[in-house]
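The values are calculated or read from the model by the stated rules, or taken from the named source; none is laboratory data. Just so it is clear, the model here is predicted, and its values are computed rather than measured. FYI the Cβ positions are ideal-geometry reconstructions off the backbone, even for glycines, and counts take in every protein chain you see.
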């Protein structure tokens, strides 16, 4: 189980939203570059970085320069938020970003997703964000009639290798991840899935690890780290337990 710490960027600062609502934002002290360096020094192999301003606006924001500075410091990141075109993804990958996450494109422009997957392979991930089973887009502000399980099958057909699945109702709530739905998405797509949203304790990570679905092989941890529920080093220790 790969543990992936998260950095959500809004106005150049580290924040966390509650259930994806931009009006319910908590801003944390600390420079995002220093936060990323601290995560990397603790042993993080990959950091999940989301440009919230880009996600809400639907286009590039100044937060991207922060992501590029992270890569210049040798930090491996996956990046999402406002990525809407193939060339946009190409520019990010050429800048040194390890993986690019597309969400709204996957749901609303499936004709763009397939060429992205063909061109960039495993460096493109599909972000599926859902509330009560329905896919949310445009920074989680717009609910679609698309079911998350149906989108999971569609992105698999498009050639995407990984899904990052977020239960929006759990995100930022410290209420535990939706393990059952995450496993359902993995089985529907037959793809590897990164779980996201709601991790509040080390036991949450253990439950996800022990759920018996090998395709769910990684988990994003955000607010619990910032609220000091546990340390990143303690989370990594879960992966070494028998």
Exercise. Does the stretch 212-242 hold any residues that are at pLDDT 95 or above, part of a loop (DSSP other than H, G, I, E, B) and under 22 Å from residue 182 (Cα atoms), and which are they?
Worked result: 213, 214, 215
Exercise. Which residues, taken from the stretch 42-57, are over 17 Å from the mean Cα position of the chain (by Cα) and in a loop (DSSP other than H, G, I, E, B)?
Worked result: 43
Seminar exercise, completed: The lone condition residue 134 fails out of (1) free of Cβ contacts under 8 Å to residues at least 24 places away in the same chain; (2) crowded, with 18+ Cβ neighbours inside 10 Å is (2)
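Here's the yes/no breakdown for (1) at pLDDT 95 or above; (2) under 22 Å from residue 128 (Cβ atoms):
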position	(1), (2)
3	yes, yes
9	no, yes
17	no, yes
42	yes, no
48	yes, yes
Seminar exercise, completed: The condition from (1) at pLDDT below 95; (2) at positive phi; (3) surrounded by fewer than 23 Cβ atoms within 10 Å (Cβ to Cβ) that residue 190 misses is numbered (1)
Exercise. In the stretch 29-41, which residues are closer than 12 Å to residue 9 by Cβ and either touching a residue at least 24 places away in the same chain (Cβ under 8 Å) or assigned to a strand (DSSP E or B) (or both)?
Worked result: 32, 33, 35, 36
Seminar exercise, completed: Scanning the stretch 62-92 for residues that are more than 18 Å from the chain's Cα centre (by Cα) and in contact (Cβ under 8 Å) with a residue 40 or more places away in the chain, the one nearest to residue 142 (Cα to Cα) turns out to be 62
Exercise. Only one residue in 197, 127, 176 is surrounded by 18 or more Cβ atoms within 10 Å (Cβ to Cβ), closer than 23 Å to residue 238 by Cα and in contact (Cβ under 8 Å) with a residue 12 or more places away in the chain. Which one?
Worked result: 197
For this session: Answer with yes or no whether residue 141 is surrounded by fewer than 16 Cβ atoms within 10 Å (Cβ to Cβ), more than 20 Å from residue 52 (Cα to Cα) and at pLDDT below 95.
Result: no
Problem set entry | Single match in 78, 87, 60 (criterion: at pLDDT 90 or above and farther than 24 Å from residue 167 by Cα) | 87
